[in-house]
1. Could you order peptides 176-183, 194-201 by the average number of other Cβ atoms within 10 Å of their residues, highest first?
2. What are the principal axis extents of the Cα atoms in segment 176-230, in Å, biggest first?
3. Please compute the net charge surrounding Met230, taking Lys and Arg as +1 and Asp and Glu as -1 over other residues with Cβ under 14 Å from its Cβ.
4. Hey, can you rank 228-238, 91-101 by average C-beta count inside 10 Å, highest first?
Amino acid sequence: MLFCLWYYQRQVLRREGIELLSKTLLMFQVIVINSLRMLGCQWQSPDKAPTFMCHVRRLEEVVDNFIRVYNSSKPDDAQDVLLDMVRKKLSLHLRILLSHGLRSTKKESLSLVSCASKNRYHVKGAHPWTMLTEFYTLQHGKSFTEQPQYQLSQSFGLRIQRQSINNKQSLLSCIHKVRESHEPFKRSSNAKFKALIIHGVNEGVLGQWLRVLTHCDTLHQQVYEPWSYMTKHGFSEAIKILDRLSQVKLDLPTDVALKMFYVPEGTETPIY
């Protein structure tokens, strides 16, 4: 009888010990995940130069090479090379820099897994096209593109004189134009972003467009972290680099991502 009582008490203590150990391990897991999350935020600090300065330097190299190719040959002869540099290199480093500290627009739960995935998302970065569409909304881009002057220019294929619109209106117009051309074909955010960058290079206003974005405080508060390259550093180094492209005169195609949907003239459409 005494043996049975001793054995029962031993099992109870063993079960309570296991439960206590499980709770301790769970609490330790929570502490570790929170610590890693805080450490991840420190890794994203703009004081760490490699987080974005390496891409500023690479952006400068791309612009140097672009101008060298542009000056060493006729623009028409080097158009394919220049277009490839804009789409694959210039837009890439601009996307990375504009993504630095850019918040995700997706809703995230309060679970531990979501907290960890949120930090990973900041490392990868949200796509800057979402930031541009948010800018378009905040600056009432739809109202601007519905003005009679803009509607007439689009209906008759006319180009609004650069002197009659400012840089902000020029950027709003380009965002609208890219959305109108790419969204019916379900093109990706990356394809739309590349098209906008090509428009900026063609018009020589890429640096000016970025200045417009840096002056939009409401945009920074809504989509950027305080430590981001856009908010804390104002994109100053990158803008100085891109200003060198303002003297370039090109007419690179902006519809590369849409060419697969074009039907050549004279081609009969089959009737099914």
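Any read-out appearing in this document is the output of simple, stated calculations on the displayed coordinates, not a laboratory observation. Just so it is clear, the structure is predicted and the values come from calculations on it, not from any experiment. For neighbour counting, all protein chains shown are included, and Cβ atoms are generated from backbone atoms with ideal geometry for every residue, glycine included.
1. 194-201, 176-183
2. Its Cα atoms span 35, 25, 16 Å along the three principal axes.
3. That works out to 0.
4. Result, highest mean Cβ count within 10 Å first: 91-101, 228-238.
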